[in-house]
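The values are calculated or read from the model by the stated rules, or taken from the named source; none is laboratory data. Everything numeric here is computed off the predicted structure, so don't read it as measured data. Cβ sites come from the backbone with ideal geometry, for glycine too, and all protein chains shown count toward neighbours.
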Amino acid sequence: MDALQVGRLTARWIAELPGEDSTVISGLGVQPLLAMLAEVADEPAHTELAEASGGRYGGLLQAPGLRMALGLWTRPEIELEAGVDRFLPPEIRGTLTDQAALDAWVVERTDGLLRRMPVELDPDVLLVLASALALRTEWELPFSEYPRDGRRWLGRTDADLDSLRVYETAAGPLTVVTVRGVGEFDVRLAIGDDGRAAVLGAALALDDAGTSGAEVLAAEQSAPGVQFIESSFPGVVLSMPHFEIDAEHDLLEHPEVFGLSAASDTTCGHFPGLSAQPLAIGQARQAVLARFSATGFEAAAVTAMAAPAGAVPTMSAKALLVTLDRPFGFVAIHRPTDIPVVAGWVNYS
């Protein structure tokens with residue numbers, strides 16, 4: 001699995017979502033399904049799915065703090081081709097019985113963060129292919145919590161000035177504050193002067209080291225969301241709202257993003273490598289949640305496709321103050337690989 005592939009898919013998807021409201025998506029939850037379907041599809045579905053996924057199926061991202069799983073359920077009359085065992089072994093396959101069984105799988109695989117499978121099981125559905133992920137990480141440096149404007153706000157001061165960096169991007173200057181997790185996952189908070197698609201697109205495509213917080217402070221360089229204040233020691237003072245965002249997305253509203261245009265044509269079958277039974281994608285949906293609290297970050301996503309036929313200091317130094325009282329983006333990142341797990345937008349305005 002490649003960070004660039006997942007980042008590009010996530011950015012394309014964000015660009016197609018309407019409006020500027022709070023939302024969250026997981027390209028990481030979709031990409032393995034598209035790559036697997038590409039391997040068992042005929043043309044033109046194969047080419048569309050391969051281009052959307054960015055390559056062959058390379059397995060799931062597994063790391064401390066993250067659980068990822070796949071599941072495949074079929075009606076008893078559906079016989080699968082032997083080649084499916086390469087990426088969907090028998091132990092993760094099951095028989096389609098009822099919605100409750102699918103929902104129970106979701107609860108188990110997301111540690112209870114999500115409660116239901118996003119596709120509906122009806123008599124026409126012959127097959128359901130799903131991925132699930134659950135991410136939990138605690139902050140290395142927790143926040144304190146306080147009330148503001150009727151909401152729960154979080155604050156902390158990080159002595160590491162380089163936890164803030166400023167980038168010059170196609171969307172203009174972008175301020176990125178990295179909130180570091182105890183394990184292998186961080187959350188990047190992205191503040192820019194443009195809208196949701198531009199800010200998150202830029203945050204998902206950072207290709208240089210940017211300007212460090214130490215350099216920004218020394219030059220008192222202007223940057224989105226950054227102020228210069230008196231403090232007891234240099235650092236990054238971060239003030240932001242606690243947020244919990246959940247969303248459900250219909251992937252077939254933007255089939256071209258996911259390479260599903262041909263595969264969702266139900267007048268014929270597209271997956272001979274999966275089963276001799278003609279199959280098409282009749283439903284493709286994702287349910288996703290992200291929660292940013294004083295102590296850590298949690299996220300979960302289930303993607304399914306169904307086939308029919310911071311004490312008062314003494315002021316003696318300068319610090320960087322970032323107050324997120326404007327819309328901002330967030331991306332949960334696997335630090336060793338830079339793969340984005342979930343990305344979203346917080347807009348309380």
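Details
- Condition met for VAL302 (buried (at least 17 other Cβ atoms within 10 Å of the Cβ), β-branched (Val, Ile, Thr) and closer than 20 Å to ALA203 by Cβ): no
- Among strands (runs of 3 or more DSSP E) entirely within the stretch 165-243, having at least 1 residues that are in contact with an Asp or Glu (Cβ under 6 Å, 6 or more places away or on another chain) singles out 172-180, 226-231, 236-241.
- Qualifying residue in the stretch 178-192 (condition: of a type in the set (Val, Ile, Thr), at pLDDT 95 or above and either assigned by TED's automatic domain parsing to the domain that holds ARG12 or at positive phi (or both)): no
- The residues on offer are ILE25, ILE14, and the sole one that is over 21 Å from LEU70 (Cβ atoms), at pLDDT 95 or above and buried (at least 22 other Cβ atoms within 10 Å of the Cβ) is ILE14.
- Number of the condition not met by ASP122 [criteria: (1) at pLDDT 90 or above; (2) surrounded by fewer than 19 Cβ atoms within 10 Å (Cβ to Cβ); (3) in a loop (DSSP other than H, G, I, E, B)]: (1)
- Only one of the numbered conditions (1) over 23 Å from MET117 (Cα atoms); (2) touching a Pro at 6+ places or on another chain (Cβ under 8 Å) is not met by ALA280, and that is (1).
- Members of the stretch 27-74 that are assigned to a strand (DSSP E or B) and of a type outside the set (Lys, Arg): ALA63, LEU66, MET68, ALA69, LEU70, GLY71, LEU72, TRP73, THR74
- All strands (runs of 3 or more DSSP E) inside the stretch 260-349 with 2 or more residues being within 15 Å of the chain's Cα centre (by Cα): 283-292, 296-307, 328-334, 339-346
- ALA11 being within 27 Å of PRO278 (Cβ to Cβ), assigned to a helix (DSSP H, G or I) and in contact with a helix residue (DSSP H, G or I) (Cβ under 8 Å, 6 or more places away or on another chain): no
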